[in-house]
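A quick write-up on the structure given underneath.
The values are calculated or read from the model by the stated rules, or taken from the named source; none is laboratory data. Computed from a predicted model, the values in this text were never measured in an experiment. Note: ideal-geometry Cβ built from the backbone for every residue, glycine included; neighbour counts use all protein chains shown. These accessible areas exclude ligands, DNA and RNA; they are computed on the full protein's heavy atoms, side chains included. Shrake-Rupley method; radii C 1.70, N 1.55, O 1.52, S 1.80 Å.
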Amino acid sequence: MKYKQIIFDIDGTLIDTEYAVLHSLQDTLRTITGRERPVDELTFALGITGADALKRLEVEEVFSAIALWNENMLQYADTMAVFDGIAEVLETLSKWDLEMGIVTSKTKAEWEQDFCPFGIDRYFKTVVCADD
């Protein structure tokens, strides 16, 4: 069987964003609630939408909290990186006549802010985000 498409996730698969996601969420919650939440209590938020994570944390104003969380993520941009070897893998796969796509719990705005600056977005013909 010959594969024609390959679908990737972003966080924890193509780029390492764990530190940025968890610490920016921690900052967001501190601003909103005035309480400090240990990072290890927030790891459930990895791999689900920001809205779902905030709902589980009983944040009432989810829309404004997501905006603040995205703003806080910018403070941790220097901690995010493409995993070693990913650029080479994507380049090789692109030469094999395969279509590559992304399916992510990130919103389109988060995709543009957190992923596109790395320059590997050019490999993906199809991108499906949480708000699509």
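Numbers for the structure displayed
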read-out: Cross-chain or 6+ apart pairs with Cβ under 6 Å, the range 4-28 first and in contact (Cβ under 8 Å) with a residue 12 or more places away in the chain, then open to solvent by less than 10 Å² (accessible area, probe 1.4 Å) and of a type in the set (Val, Ile, Thr); value: PHE8/ILE102; ASP11/THR17
read-out: Members of the range 112-125 found to be more than 17 Å from GLU18 (Cβ to Cβ), in contact (Cβ under 8 Å) with a residue 24 or more places away in the chain and part of a helix (DSSP H, G or I), listed by number; value: PRO117, TYR123
read-out: Subset tally (residues that are under 20 Å from ASP9 (Cβ atoms) and of a type in the set (Ser, Thr, Tyr)) for the range 64-85; value: 2
read-out: Residue satisfying all of: in the range 90-107; open to solvent by less than 70 Å² (accessible area, probe 1.4 Å) and not in a loop (DSSP other than H, G, I, E, B); nearest to ALA53 (Cα to Cα) among these; value: ILE102
read-out: Helices (runs of 4 or more DSSP H) contained in the range 1-77 and holding at least 1 residues open to solvent by 50 Å² or more (accessible area, probe 1.4 Å) and within 30 Å of LEU98 (Cα to Cα); value: 18-33
read-out: Matching option when the condition is on the phi < 0 side of the Ramachandran plot and without any contact (Cβ under 8 Å) to a residue 12 or more places away in the chain, among ALA67, ALA77; value: ALA67
